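To start, the structure under review is shown below, and the notes come after it.
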Amino acid sequence: MRPVTLHTDRLELSVPTAGDVDAIFAACQDPEVQRYTTVPTPYRRAHAEGFVEKAAAWWDAGTETTWAVRRDGMLSGMVGLHRLGRGDGELGYWMAPDARGRGFLTEAARAVVDWGFSPAEGERGLGLARIEWRAVAGNIASARAARALGFRYEGLLRQALLHSSGRRDDAWIAGLLPGDDRTPQEWPVLAG
Ligand SMILES: CC(C)(COP(=O)(O)OP(=O)(O)OC[C@H]1O[C@@H](n2cnc3c(N)ncnc32)[C@H](O)[C@@H]1OP(=O)(O)O)[C@@H](O)C(=O)NCCC(=O)NCCS
């Protein structure tokens with residue numbers, strides 16, 4: 001699959017490149033990225049170099065579609081659809097600490113979800129039947145973002161997440177179907 005560039009009001013989403021290595025390396029030092037995503041710990045520059053190479057290969061193979069989130073040309077975060085190939089996929093994301101809390105992630109991920117559900121004909125999207133979200137139980141910021149996107153909370157998967165350190169965590173799971181009303185729903189694990 002050829003890499004796709006997406007645009008929103010404030011952001012451009014495009015394939016990560018070698019020019020992003022420094023910014024990815026810096027962002028992945030953040031304790032929350034390390035705690036809540038599957039990035040290696042400790043995170044070295046070589047991991048960022050390997051990641052941009054793999055991201056290009058994943059686009060080629062159609063197994064994962066990964067975008068660098070760019071604001072005024074600066075890398076603000078990463079968002080992607082993972083575990084593709086069965087007609088569904090899993091949404092994943094992180095934002096650099098200095099880019100958080102301004103709705104950039106929600107804006108970027110909404111464009112990704114829309115593209116994932118758009119018909120595959122004419123390379124407009126992937127025509128997915130379901131997009132899933134999983135997070136370490138207790139990751140409130142990620143859960144609020146998923147809820148804002150319209151995801152419905154589906155439950156807790158005990159010890160389902162395996163971190164690169166070997167640590168296991170309970171996971172919250174949520175899902176979104178193409179026909180779902182995207183109005184944020186009540187999540188029993190989120191107050192307010
Ligand atoms: C999760 C993450 C990507 C959210 O990024 P962000 O830029 O803050 O997201 P947005 O500004 O688009 O806000 C999305 C929602 O999260 C909420 N939020 C953001 N930071 C929050 C925090 N620290 N605590 C509680 N809620 C928070 C916002 O209020 C918003 O919810 P609302 O629409 O109900 O008000 C970011 O915190 C992050 O990178 N965390 C570390 C990596 C991670 O957890 N990735 C997800 C793995 S599943």
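Laboratory data are not the source of any read-out in this text; all were calculated from the coordinates shown. All values derive from a computational prediction rather than experimental measurement. In this analysis, Cβ positions are derived from the backbone assuming ideal geometry, glycine residues included, and neighbour counts consider all displayed protein chains.
For region 69-188, would you read off the P(r) tail past 20 Å as a percentage of all alpha carbon pairs? Mind showing how you got there, number by number?
Working: 3180 of 7140 pairs.
When every Cα pair of region 69-188 is considered, 45 percent fall beyond 20 Å.
The modelled label-to-label distance for the pair residue 29/residue 180, using points 7 Å beyond Cα in the direction of Cβ, is 3.6 nm.
Whole-Hz Karplus values for region 23-30 come out as 5, 5, 4, 5, 5, 7, 7, 4 Hz, taken residue by residue from phi with 6.51 cos²θ - 1.76 cosθ + 1.60 and θ = phi - 60°; glycine and proline positions read x.
Let's see if you can work this out: charge +1 on each Lys and Arg Cβ, -1 on each Asp and Glu Cβ, no other charges. What is the dipole magnitude of the chain about its Cα centre, in debye to the nearest 20? Working shown, then result.
Working: 23 positive and 25 negative charges, 82 e Å.
Computed about the Cα centre, the dipole is about 400 debye.
Note on residue 72 and residue 22: the model spin-label points, each 7 Å out from Cα along the C-beta direction, lie 1.7 nm apart. Computed over the Cα atoms of region 1-96, pair by distinct pair, the Kirkwood hydrodynamic radius stands at 13.6 angstrom.
For region 33-99 and region 103-154, what is the separation of their Cα centres, given in Å? First find each Cα centre; the distance between them is then 14 Å.
For region 66-105, the spread of Cα positions along the three principal axes, ordered from largest to smallest, is 35, 19, 12 Å.
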